[in-house]
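The values are calculated or read from the model by the stated rules, or taken from the named source; none is laboratory data. As the structure is a computational prediction, the values presented were derived from the model and not from experiment. Every residue, glycine among them, receives a Cβ derived from its backbone with ideal geometry; neighbour counts consider all protein chains shown.
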Amino acid sequence: MTALLNATGLAKTYALPRTAFQPARLLQAVAGVDLALAAGGTLGLVGESGCGKSTLARLLLRLVPASAGRIVFQGQDITTMPEAQLRPLRRRLQLVHQNPGAALDPRLTVAQAVAEPLIIQSLAKGAALRDRVAALLAEVGLGAEFLPRFPHELSGGQKQRVCIARALAPEPALLVLDEPTSALDVSVQAQMLDVLADLRERRGLAYLFISHNLAVVRQVCAEVAVMYLGRIVEQGSAAQVFGAPRHPYTRALLASVPRLGGSVPPGDGQVAAPGDGQVAAPGEPPNPAAPPPGCPFHPRCGMAVPACRSGAPPALVDGLACPVSGAG
Ligand SMILES: Nc1ncnc2c1ncn2[C@@H]1O[C@H](COP(=O)(O)OP(=O)(O)OP(=O)(O)O)[C@@H](O)[C@H]1O
Ligand SMILES: [Mg+2]
């Protein structure tokens, strides 16, 4: 199957300015990521806060320029494509944010918010525009009574439905969902996941689904990529990653959510027990502006051997394969 989206060696380095406390430094937010997503596919991207998930999403959507690497979307290299040429492709790549309140303009009604992308891209006008907007709202489970409402008159779940309707308006092939349910109550979260599953089935959409929540990722995604300090350390089918995790970091994440990955012992026993499938490996994530030498996971890895502290093991050089776990 040809990939809808293909990223190779994708990297983003931020230059941090000098401050009174720190010299100028480079922070590698994304450090050489290879990723492929088929049309209609579902890829979950998991990892702790600050590992680079949103930066990777922003790179793939060309919202920030890449420092290195290549992005091919629908067969076209968009890495450095001029904006004018990119514009028609942007329609096909849409983002849904974590915080629907911040994503909606408080001055626009629901009808105006959903109509806006259709008007900007000259996709519909007049009665056809009104019909499209009502149909999009119906697709996300909102009736016509919501059309004249403003964002402050909506619940969090209703706002997120409006954001999804707005993202669907230009008929995307890929939705990048960056923590789309993490700001919602658990019951609303479940409804939102049903809406997303229906949409995908009906429209053949592909999802890149970013989440801290392994339970949610397991429900939505056929493929899973695990990210640590800017790198994908393990990628595979959801069945493999959840059922037979290979990388020690994946094992630590799963062990932190007993009802998902309970078979893996938590190593040194200092695993946090967060609720609702939230991931947290033992120990503190390292500072990405000053990563540890060797394998960046070794200070937290219950399986680390001396080699992990000096030379980087193949896992974090080649993007896969931890010699300790035998991964790859
Ligand atoms: N514009 C920027 N300038 C400098 N550093 C940045 C910038 N954007 C992100 N970073 C840094 O890049 C790293 C990755 O951030 P990113 O937002 O991608 O993480 P994340 O995995 O999405 O985290 P979270 O789960 O908390 O949303 C962090 O250390 C962050 O501080
Ligand atoms: Mg993020």
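Just a few scattered comments:
- Residue list for segment 73-115, filter: within 12 Å of Pro151 (Cα to Cα), polar (S, T, N, Q) and assigned to a loop (DSSP other than H, G, I, E, B): Thr109
- Residues located in segment 176-217, provided they are within 13 Å of ligand 1 (Cβ to nearest atom) and at positive phi: Glu179
- Looking across segment 235-251 at every residue that is in contact with a Ser or Thr (Cβ under 7 Å, 6 or more places away or on another chain) and not in a loop (DSSP other than H, G, I, E, B), the one that is modelled with the lowest pLDDT is identified as Pro248.
- Of all residues in segment 161-216, those that are within 16 Å of ligand 2 (Cβ to nearest atom), modelled with pLDDT of 90 or more and among the small types (Gly, Ala, Ser) total 1.
- Residue within segment 69-92 that is more than 20 Å from Ala173 (Cβ to Cβ) and surrounded by 15 or more Cβ atoms within 10 Å (Cβ to Cβ) present: yes
- Out of Gly9, Gly47, sole residue that is assigned by TED's automatic domain parsing to the domain that holds Glu223, on the phi > 0 side of the Ramachandran plot and at pLDDT below 95: Gly47
- Segment 172-222, residues that are touching a strand residue (DSSP E or B) at 6+ places or on another chain (Cβ under 9 Å) and of a type in the set (Asp, Glu): Asp178, Glu179
- Identity of the residue in segment 27-59, assigned to a strand (DSSP E or B) and near ligand 1 (Cβ under 10 Å from one of its atoms), that ends up surrounded by the most Cβ atoms within 10 Å (Cβ to Cβ): Val30
- Exactly one residue out of Glu139, Glu116, Glu83 is more than 22 Å from the chain's Cα centre (by Cα) and closer than 25 Å to Ala29 by Cβ, and it is Glu83.
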